[in-house]
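The values are calculated or read from the model by the stated rules, or taken from the named source; none is laboratory data. In this text the structure is predicted, and so the values were computed from the model without any measurement. With ideal geometry, Cβ positions are generated from the backbone for all residues, glycine too; neighbour counts draw on all protein chains shown. With ligands, DNA and RNA removed, areas are computed over all heavy atoms of the protein, side chains included. Shrake-Rupley method; radii C 1.70, N 1.55, O 1.52, S 1.80 Å.
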Amino acid sequence: MIIDTLSIISCIIITIFMVVSVVANPFFRKTDKADDSDASHSVDDSDMPQLTVLVLANNNAQALDANLPLILTQDYAPGYEVIVVGEKGDLPTETVVEQYASKGHLYATYIPHRSLFMSKSKLAVALGVKAAHNEWIVMVNADCRPQSDLWLKTLASRMDSDANLVIGYSNYDSASRGYYRFARLRTSCYMLRRALRSTAYRVNGTNIAFRRSEFISQEGYRGNLQLVNGEYDFIINKYAQRGQTRVVTDENVWIREDSPTSKQWHYRDLCYAHIRKFLSRSAAPRILFNFDMTMMYANYAVLIASIIVAAMTQRWILLATASLYIVLTIVLRSLIARKVYIKYGEDIPAWRTVFYELSIVWRQLSTNIRYSRADQYDFTTHKL
């Protein structure tokens with residue numbers, strides 16, 4: 001058995017790589033505060049504001065019909081109104097709204113069928129905000145459904161006088177592919193942590209609240225009106241102030257979104273590849289993401305190289321250590337991820353974690369290639 005200085009140094013190096021690669025992981029970092037665990041009971045009802053729930057119909061009357069009753073029957077004593085924003089001439093959406101018209105706190109407004117030089121989704125938000133009667137606005141899509149009748153109460157519990165944005169957790173429903181839910185949760189871990197520790201960058205979900213007065217005084221989406229997508233991202237990116245963004249991860253605040261088709265999933269990736277060029281404060285999130293991925297791949301590469309070299313030179317201690325560390329890396333990363341899956345109610349098998357993680361870079365490379373080949377005018381309302 002060969003035990004030499006090289007083996008000892010190599011064992012120390014691979015130990016460092018293994019430890020760093022495990023903790024350089026969005027699932028390892030906290031995404032909430034200890035005092036948020038029971039947010040819905042931390043504030044008296046009388047201290048909570050009246051709310052406006054802005055529902056973007058998005059020509060999805062079927063989803064609106066299924067989810068609107070869950071929004072209209074929230075347990076929220078201070079009171080709230082629901083404003084559905086649809087497209088003029090969308091008869092199915094109008095029919096759904098009429099069906100629930102007896103609810104005294106349901107209203108509707110409609111955008112023109114044609115919207116020149118402005119994204120329809122952003123115009124819908126702008127008109128909905130203008131029609132709102134309350135300061136705090138909660139925004140969701142028609143295909144999103146609250147998992148609890150305490151959804152609004154849990155969000156509102158964090159709407160203190162110093163807050164201007166509230167971000168709640170959302171993900172696809174259980175019928176979605178495991179990778180879709182994994183990728184969205186993983187990105188959410190980055191975004192939620194940044195919102196807690198610094199100035200929020202963006203969201204990859206559909207469960208936010210913001211102040212009407214700020215939106216109006218700062219001219220809404222001015223600066224990115226022409227971009228087809230990003231209505232949630234740009235609100236967070238434009239209006240976030242350090243220390244004024246609240247993050248709520250209590251299970252009562254969870255939103256589930258209908259499962260996207262493969263085409264919808266890839267299109268959302270392409271849209272983000274475009275809008276991120278217009279988002280402020282993108283450097284730090286990208287650096288952290290790249291560091292995490294680099295350390296994960298570097299760890300596997302160093303361990304595999306160590307096994308090959310150790311086997312060729314008969315350094316059995318190094319061979320055993322490197323082999324053990326590969327197993328430990330997989331097990332620890334899977335267990336850490338599993339803890340987060342459970343916390344957020346995601347039914348994702350832990351054993352798939354390593355495969356999902358390793359595929360992220362290649363899927364992003366594929367997205368970047370598709371984006372480079374795409375017609376850039378597909379992402380803007382400004383056409384030649």
(request) Please indicate, with yes or no, whether at least one residue in segment 307-321 is under 18 Å from the mean Cα position of the chain (by Cα) and either within 18 Å of TYR180 (Cβ to Cβ) or at pLDDT below 95 (or both). (result) no
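Polar (S, T, N, Q), closer than 19 Å to VAL248 by Cβ, crowded, with 20+ Cβ neighbours inside 10 Å and in contact with a helix residue (DSSP H, G or I) (Cβ under 8 Å, 6 or more places away or on another chain): does that describe SER148?
Here the answer is no, as SER148 does not meet what is asked.
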(request) Give the number of residues within segment 222-242 that are open to solvent by 50 Å² or more (accessible area, probe 1.4 Å) and without any contact (Cβ under 8 Å) to a residue 60 or more places away in the chain. (result) 4
(message) Looking only at residues that are within 16 Å of the chain's Cα centre (by Cα) and not in a strand (DSSP E or B) in segment 156-173, which one is surrounded by the fewest Cβ atoms within 10 Å (Cβ to Cβ)?
(response) ASP173
(request) Take segment 305-330 and flag every residue that is exposed (fewer than 15 other Cβ atoms within 10 Å of the Cβ) and either out of contact with any helix residue (DSSP H, G or I) (no Cβ under 8 Å at 6 or more places or on another chain) or free of Cβ contacts under 8 Å to residues at least 24 places away in the same chain (or both). (result) ALA305, ILE308, ALA311, MET312, THR313, GLN314, ALA320, LEU324, VAL327
(request) Could you list, in sequence order, all residues of segment 283-304 that are over 19 Å from LEU319 (Cα atoms) and open to solvent by less than 60 Å² (accessible area, probe 1.4 Å)? (result) ALA284, PRO285, PHE289, ASP292, MET293, MET295, MET296
(message) Name the single residue that is nearest to LEU185 (Cα to Cα) among those in segment 341-376 being touching a Ser or Thr at 6+ places or on another chain (Cβ under 8 Å) and open to solvent by less than 70 Å² (accessible area, probe 1.4 Å).
(response) TYR344
(message) If I go through segment 252-279 residue by residue, how many of them are more than 15 Å from the chain's Cα centre (by Cα) and open to solvent by 60 Å² or more (accessible area, probe 1.4 Å)?
(response) 7
(request) Return the total of residues in segment 1-33 being open to solvent by 100 Å² or more (accessible area, probe 1.4 Å), over 25 Å from TRP316 (Cβ atoms) and either hydrophobic (A, V, I, L, M, F, W, C) or not in a loop (DSSP other than H, G, I, E, B) (or both). (result) 1
(message) Looking at segment 186-224 only, could you name the residues that are small (Gly, Ala, Ser) and over 11 Å from the mean Cα position of the chain (by Cα)?
(response) ALA195, SER198, ALA200, ALA209, SER213, SER217, GLY220, GLY223
(request) Out of ILE348, ILE336, ILE342, report the one residue that is touching a Phe, Trp or Tyr at 6+ places or on another chain (Cβ under 7 Å), more than 22 Å from VAL20 (Cβ to Cβ) and of a type in the set (A, V, I, L, M). (result) ILE348
(request) Kindly list the number of the only condition in (1) modelled with pLDDT under 95; (2) under 26 Å from the mean Cα position of the chain (by Cα) that fails for SER334. (result) (1)
(request) Hand me the list of helices (runs of 4 or more DSSP H) wholly inside segment 38-144 holding 1 or more residues that are acidic (Asp, Glu) and either at pLDDT 95 or above or open to solvent by less than 60 Å² (accessible area, probe 1.4 Å) (or both). (result) 61-72, 91-99
(request) Return the pairs, sorted by first residue and then second, in which the second residue is in a loop (DSSP other than H, G, I, E, B), the first residue lies in segment 187-209 and is among the aromatic types (Phe, Trp, Tyr), the beta carbons are less than 8 Å apart, and the residues are 6+ apart or on different chains. (result) TYR190/PRO26; TYR201/ALA240; TYR201/LEU279; TYR201/ARG281; TYR201/SER282
(request) Answer with yes or no whether LEU70 is in contact with a strand residue (DSSP E or B) (Cβ under 6 Å, 6 or more places away or on another chain) and under 28 Å from SER259 (Cβ atoms). (result) yes
(request) For segment 113-152, name all the residues that are in contact with a Phe, Trp or Tyr (Cβ under 6 Å, 6 or more places away or on another chain) and under 18 Å from CYS271 (Cβ atoms). (result) LYS122
(request) Answer yes or no as to whether ALA183 is under 14 Å from the mean Cα position of the chain (by Cα) and either open to solvent by less than 10 Å² (accessible area, probe 1.4 Å) or among the β-branched types (Val, Ile, Thr) (or both). (result) no
(message) Of the conditions (1) under 17 Å from PHE17 (Cα atoms); (2) in contact with a strand residue (DSSP E or B) (Cβ under 9 Å, 6 or more places away or on another chain), TYR325 satisfies every one except a single condition; which number is it?
(response) (2)
